[in-house]
Amino acid sequence: MTTTTTTVSFPIPSRLDLPAPVGGTQVMQDVMSAVEDVARANTTVLLLGESGTGKEVFARYIHGLSPRSTGPWIAVNCAALPSELLESELFGHERGSFTGAADRRIGRIEQADHGTLLLDEISEMPVGLQVKLLRVLQEREVDRVGGARSVPVDVRIIATSNRNLAGMVARGEFRADLYYRLSVFPISLPPLRERREDIPLLAAKLTEEIASRLGRPAPLLSSEALAALLAYEYPGNVRELANVLERALVRCHGPSVPLQHISAALGAVGISSIRPLPSDTDQSGPQPSIRSSGLLSRDGEAGLCPAEPDRGKAWKPFEGFHLNALPLALADLERMAILEALRRVRGNRTHAARLLGISLRTLRNKLRVLRHAGATVPGDVVARPSHEESAA
């Protein structure tokens, strides 16, 4: 039977009319450029990224910029339903097709006709349903459960996954033919730790949104609170940043969010179990970097460095820092982190580089820039380079 699919055209909205994902870093600008290019096409999109990186936000943005923006937006979480319910949810069913099917049900794919269907966490779709979805992508028609004929559909599919789909294909856990159909235009979303420069913008936007939900004016983030947010690793990415800010704002009743509320909110994440940095005299075993060591010292206070080289002495957060009112430039925060790391390890460049999570060569280049800017670098006079540093 020959079927005809009618394509409906809608006016393309301007990006200025839509709430765009936040990001000014180069990696985010590259992602935004790709997103805006593909949005205006009818191409199938595969959004890849860790949990909390905003895959659904980007999917909605693609739909909003597309010619289908006035059509339906339908989202299905493939991990939320068992396979027998997911099939009926996606493809629909005819009356009497199985026990309990008292009426015909129009599936989500049909509901998204002339619009966009988001298949969230596509990696969790059972293999049997992957075959049926492949037919939708190839033939642009749906077979309802118990149906006698195929139903033509005009739908754009956006799929997301926080897993390595290519690896799943190699292990036989995901159909290769469906993977290639879905990955016509793959976009990888960076984790928050790889675009830290966006944290101030994200934090400001999220603070406004959260304060609005709480029915109160949006407070400002203190410089110390912002520095703490910039130093954290965010395994949960933007979603975790939002949770941290909401916990802090619930406790905040003043015009600005102090460090203590951010520190407490980060402590609730469970980062206090991360080990402190070994001392200068104990260099056995791996050394965590600032990026991976969290914000809590042994006495539970927040800061940019996990511990003093003298392990018997607790240290105070941001000791020696002179943080002024917002806004702080990222370069200033980087300078403070580098100088503080050197101070904590008594000027040892090798240990400071490990602490910062950068190479010794990178640290040397950054120190050269700081010296030219007139900064006093700890260890320039009193510390001699270690054998490892001299050989680097």
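Which of the residues that make up segment 227-247 are of a type in the set (Gly, Ala, Ser) and farther than 26 Å from residue 340 by Cα?
Looking only at segment 227-247, we keep the residues that are of a type in the set (Gly, Ala, Ser), and these are 227-228, 231, 236, 242.
Once the filter is applied, which keeps residues that are of a type in the set (Gly, Ala, Ser) and farther than 26 Å from residue 340 by Cα, segment 227-247 yields 236, 242.
Does residue 171 meet the test of being surrounded by fewer than 18 Cβ atoms within 10 Å (Cβ to Cβ) and not assigned by TED's automatic domain parsing to the domain that holds residue 251? Yes.
Among the residues of segment 175-195, some residue qualifies, meaning at least one is touching a Gly at 6+ places or on another chain (Cβ under 6 Å), touching a residue at least 60 places away in the same chain (Cβ under 8 Å), crowded, with 21+ Cβ neighbours inside 10 Å and of a type outside the set (Gly, Ala, Ser). The set of residues in segment 212-259 being over 29 Å from residue 55 (Cβ atoms), part of a helix (DSSP H, G or I) and in contact (Cβ under 8 Å) with a residue 40 or more places away in the chain consists of 223, 224, 259. Figure legend. Inter-residue proximity from segment 135-146: first residues under 16 Å from residue 175 (Cβ atoms), second residues of a type in the set (A, V, I, L, M, F, W, C) and in a strand (DSSP E or B), beta-carbon distance below 8 Å, spacing 6+ or different chains. Indicated pairs: 136/142; 136/155; 136/157; 137/157. Pairing residues of segment 114-127 that are assigned by TED's automatic domain parsing to the domain that holds residue 167 with residues that are part of a strand (DSSP E or B) and among the charged types (D, E, K, R), at Cβ distances under 9 Å and at least 6 apart in sequence or on separate chains, gives 115/156; 116/156; 117/156. When segment 206-240 is limited to residues that are of a type in the set (Lys, Arg) and more than 15 Å from the chain's Cα centre (by Cα), the one that is surrounded by the most Cβ atoms within 10 Å (Cβ to Cβ) turns out to be 216. Filtered by the rule that a residue be in a loop (DSSP other than H, G, I, E, B) and surrounded by 19 or more Cβ atoms within 10 Å (Cβ to Cβ), segment 138-161 gives 144, 153.
The values are calculated or read from the model by the stated rules, or taken from the named source; none is laboratory data. Only a predicted model underlies this, so the values are computations on that prediction, with no experimental measurement involved. Counting neighbours? That spans all protein chains shown, and the Cβs are built from the backbone with ideal geometry, glycine included.
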